[in-house]
Amino acid sequence: MDIQADKVQDSIGQLCPMPIAFMARNMRGMEPGQVLEIQADDEGAHADIPAWCEQTGNELLGEEQADGYYRYFVRKAG
Amino acid sequence: MADNKATIVVFSGEMDKIFAAYTIATGAAAAGMDTTMFFTFWGIKSIQKGNRTGKGLMGKMLGLINRGGIERQGPSKFNFGGLGRWMFKKMMADKGVAKLTELREMCVDLGVHLLACKMSMDVMEIDRTDLIDEVEDVVGVAKMIKEASESQIQFFI
């Protein structure tokens, strides 16, 4: 996926609710329009990250599989 | 943001149940909800510093049997006099689950309000000074009901 992230969050090895908690915390410090890349291998995060985006209004640009984990790209809402 | 609130009443003091309570609070706060946790009865144990408490004989006995502290509480099943607590902690740590103290810190960092029930504190002879500094206020049932009535989701754990 050809998306340039402004910040990368390493959530590999983290379990619920930490990937989401760190996402919320990281997003707080970002500007609208900026993109956060979350790297996570928790299976629960696969459902949680889209759900979190839907509830908070931030946009899930896409996800892609990497070596043993997923990369999620989320754009902060304006 | 009165239109986006969550309220969690934490009645239980066992490790597994407070784990659920703090996890839900983290999730709600992370989703941008104005989240409040009310600690009552055994729930108070998870916001105590862990020092000895009590004034009278029975209060002191209670403080001696369970002096509180989030890391000291055993699971609701299979505690086996503390062995179960050790086992669950080890299993959780091995799998990379956050510790209860980290979870509570995260809650505070995400703006979760921690409120303690005054009546439970009176009964169990627990002072404000026995509670962790992150506790915002000591309140009664009316405050909880007001928050809950404004919340879209409520939990009793």
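The values are calculated or read from the model by the stated rules, or taken from the named source; none is laboratory data. Since the model is a prediction, treat every value here as computed from it, not as a measurement. Here the Cβ is made from the backbone with ideal geometry for all residues, glycine too, and neighbour counts use every protein chain on show.
For region B:97-157, list the strands (runs of 3 or more DSSP E) that sit wholly inside it and hold at least 3 residues that are surrounded by 15 or more Cβ atoms within 10 Å (Cβ to Cβ) and either over 15 Å from the mean Cα position of the chain (by Cα) or touching a residue at least 12 places away in the same chain (Cβ under 8 Å) (or both); which are they?
Ranges flagged: B:113-117.
Filter region B:51-76 for residues that are closer than 30 Å to B:A28 by Cα and either in contact (Cβ under 8 Å) with a residue 40 or more places away in the chain or assigned to a helix (DSSP H, G or I) (or both) and give the result.
Once the filter is applied, which keeps residues that are closer than 30 Å to B:A28 by Cα and either in contact (Cβ under 8 Å) with a residue 40 or more places away in the chain or assigned to a helix (DSSP H, G or I) (or both), region B:51-76 yields B:N66, B:G68, B:I70, B:Q73, B:G74, B:P75, B:S76.
Does region A:58-66 contain any residue that is assigned to a strand (DSSP E or B), under 24 Å from B:K5 (Cα atoms) and either touching a Pro at 6+ places or on another chain (Cβ under 7 Å) or within 11 Å of chain B (Cβ to nearest Cβ) (or both)?
Checked region A:58-66: at least one residue is assigned to a strand (DSSP E or B), under 24 Å from B:K5 (Cα atoms) and either touching a Pro at 6+ places or on another chain (Cβ under 7 Å) or within 11 Å of chain B (Cβ to nearest Cβ) (or both).
What residue, of B:G68, B:G32, B:G27, B:G43, is closer than 30 Å to B:E150 by Cβ and touching a Phe, Trp or Tyr at 6+ places or on another chain (Cβ under 8 Å)? Please lay out each step first, then the result.
Details: B:G68 fails: touching a Phe, Trp or Tyr at 6+ places or on another chain (Cβ under 8 Å); B:G32 fails: touching a Phe, Trp or Tyr at 6+ places or on another chain (Cβ under 8 Å); B:G27 fails: touching a Phe, Trp or Tyr at 6+ places or on another chain (Cβ under 8 Å).
After ruling out the rest, the residue left standing is B:G43.
Tally time: how many residues in region A:13-46 are touching a Phe, Trp or Tyr at 6+ places or on another chain (Cβ under 6 Å), more than 13 Å from chain B (Cβ to nearest Cβ) and either at pLDDT below 95 or assigned to a helix (DSSP H, G or I) (or both)?
Of the residues in region A:13-46, 0 are touching a Phe, Trp or Tyr at 6+ places or on another chain (Cβ under 6 Å), more than 13 Å from chain B (Cβ to nearest Cβ) and either at pLDDT below 95 or assigned to a helix (DSSP H, G or I) (or both).
Residue by residue through region B:85-96, note down the ones that are in a loop (DSSP other than H, G, I, E, B) and of a type in the set (G, A, S).
The one that is in a loop (DSSP other than H, G, I, E, B) and of a type in the set (G, A, S): B:G96.
Quick test of your reading of the structure: A:L36 fulfils all but one of (1) touching a residue at least 40 places away in the same chain (Cβ under 8 Å); (2) surrounded by fewer than 18 Cβ atoms within 10 Å (Cβ to Cβ). Name the failing condition by number.
Going through (1) touching a residue at least 40 places away in the same chain (Cβ under 8 Å); (2) surrounded by fewer than 18 Cβ atoms within 10 Å (Cβ to Cβ) one by one, A:L36 breaks only (2).
Mind checking whether some residue in region B:74-83 is among the aromatic types (F, W, Y), at pLDDT below 95, closer than 24 Å to A:L15 by Cα and over 19 Å from the mean Cα position of the chain (by Cα)? Steps first, please.
Going residue by residue through region B:74-83, those that are among the aromatic types (F, W, Y) are B:78, B:80.
Then keep just the ones that are at pLDDT below 95; that gives B:78, B:80.
Then drop every residue that is not closer than 24 Å to A:L15 by Cα, which leaves B:78.
Checking the rest, the ones that are also over 19 Å from the mean Cα position of the chain (by Cα) come to B:78.
Among the residues of region B:74-83, at least one is among the aromatic types (F, W, Y), at pLDDT below 95, closer than 24 Å to A:L15 by Cα and over 19 Å from the mean Cα position of the chain (by Cα), which makes the answer yes.
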